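What follows is a single structure, written as structure tokens, with notes after it.
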Amino acid sequence: MLYKGIIFDLDGVICHTDKYHYKAWKKLADQIGVYFDRTINNRLRGVSRMESLEIILENYDGELTDDEKKTLAEQKNNYYRELLNNMSRADLSDEVYDTLIALRQAGCKLAIGSSSKNAGFILKKIGLGEFFDAVSDGNNISHSKPDPEVFLKAAEYINLAPAECLVVEDAESGIEAAINGGFDSAAIGDAVNCGKAMYTLRSIEDLKEIVII
């Protein structure tokens, strides 16, 4: 095989929770009287919860203490988790599941590299709670993408060097994080437009042609 390990971003690659993030941030923004739309929401992709809050607060007329910001971020997460309760195995597409199975059967180690602190919860909701060999997420990192920390830790957890892994991402910041960490990368969705990835995927199923030789 060309790669011994595949590290997947979660949202936008394995499943799609963008709509839930947007609704949760919009509810919080409306609550504190801050303008928020989908253009601003796009800036939050691959960014930690606290950094996302800082972006939203660029339009806030006033000053907030660190404790007040932490409270707001927690409120957003509570709104988000309430919405995530709507997720189920139906949110995992057949093409994603079939691709994961094919990669696993070919002998690849599979990991998640996500800035989300809810990655474990989401994976359980879509029926992949115990599927991956490792999960590196917002609970074990200090720096968000484009810092490569989340991917470096994922590679460490599956005992592989970055050069032995392929990162699959749908956000430019994620592709940049992969490059910064010495990983090859495959872009899907919006990340295709940045032109920085080694591979571009029309569908996640294209991974089988790249990885399984």
Exercise. How many residues does the range 91-104 hold that are aliphatic (A, V, I, L, M) and under 19 Å from the mean Cα position of the chain (by Cα)?
Worked result: 3
For this session: Report, by residue number, each residue of the range 147-182 that is over 12 Å from the mean Cα position of the chain (by Cα), open to solvent by 10 Å² or more (accessible area, probe 1.4 Å) and closer than 23 Å to residue 44 by Cα.
Result: 147, 148, 149, 152, 153, 176, 179, 180, 181
For this session: Look at the range 21-39 and say how many of its residues are part of a helix (DSSP H, G or I), within 24 Å of residue 146 (Cβ to Cβ) and open to solvent by 20 Å² or more (accessible area, probe 1.4 Å).
Result: 4
For this session: Please state which one of 43, 49, 38 is in contact (Cβ under 8 Å) with a residue 12 or more places away in the chain, touching a Gly at 6+ places or on another chain (Cβ under 9 Å) and more than 18 Å from residue 204 (Cβ to Cβ).
Result: 49
For this session: Among what's in the range 88-103 and is hydrophobic (A, V, I, L, M, F, W, C) and in a helix (DSSP H, G or I), pick the residue that is surrounded by the fewest Cβ atoms within 10 Å (Cβ to Cβ).
Result: 90
For this session: Of the conditions (1) open to solvent by less than 20 Å² (accessible area, probe 1.4 Å); (2) closer than 23 Å to residue 203 by Cα; (3) touching a Lys or Arg at 6+ places or on another chain (Cβ under 7 Å); (4) not aliphatic (A, V, I, L, M), residue 9 clears all except one; give me its number.
Result: (3)
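State yes or no: is residue 71 β-branched (Val, Ile, Thr), modelled with pLDDT of 95 or more and open to solvent by 50 Å² or more (accessible area, probe 1.4 Å)?
Numbers: β-branched (Val, Ile, Thr): yes; modelled with pLDDT of 95 or more: yes; open to solvent by 50 Å² or more (accessible area, probe 1.4 Å): yes.
When the stated conditions are applied, residue 71 passes them.
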Exercise. Limited to the range 7-20, what total is found for residues that are in contact with a helix residue (DSSP H, G or I) (Cβ under 7 Å, 6 or more places away or on another chain) and in a helix (DSSP H, G or I)?
Worked result: 1
For this session: Sort out which residues of the range 110-140 are farther than 15 Å from residue 91 by Cβ, part of a loop (DSSP other than H, G, I, E, B) and open to solvent by 30 Å² or more (accessible area, probe 1.4 Å), and write them in order of number.
Result: 117, 130, 133, 139, 140
For this session: Please go through the range 183-194 and pick out each residue that is within 14 Å of the chain's Cα centre (by Cα) and in a helix (DSSP H, G or I).
Result: 189, 190, 191
Seminar exercise, completed: Restricting the range 69-87 to residues that are among the polar types (S, T, N, Q) and part of a helix (DSSP H, G or I), the one nearest to residue 17 (Cα to Cα) turns out to be 77
Problem set entry | Failed condition for residue 53, given (1) more than 30 Å from residue 211 (Cβ to Cβ); (2) part of a loop (DSSP other than H, G, I, E, B) | (2)
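Does residue 197 satisfy the condition of being surrounded by 22 or more Cβ atoms within 10 Å (Cβ to Cβ), in contact (Cβ under 8 Å) with a residue 24 or more places away in the chain and not in a loop (DSSP other than H, G, I, E, B)?
Working: surrounded by 22 or more Cβ atoms within 10 Å (Cβ to Cβ): yes; in contact (Cβ under 8 Å) with a residue 24 or more places away in the chain: yes; not in a loop (DSSP other than H, G, I, E, B): no.
Criteria not met by residue 197.
The values are calculated or read from the model by the stated rules, or taken from the named source; none is laboratory data. As the structure is a prediction and not an experimental result, all values here were calculated from the model. Heads up, the Cβs are rebuilt from the backbone with ideal geometry, glycines too, and the neighbour counts pull from every protein chain shown. Surface areas here come from the heavy atoms of the whole protein model, side chains and all, with no ligands, DNA or RNA. Shrake-Rupley method; radii C 1.70, N 1.55, O 1.52, S 1.80 Å.
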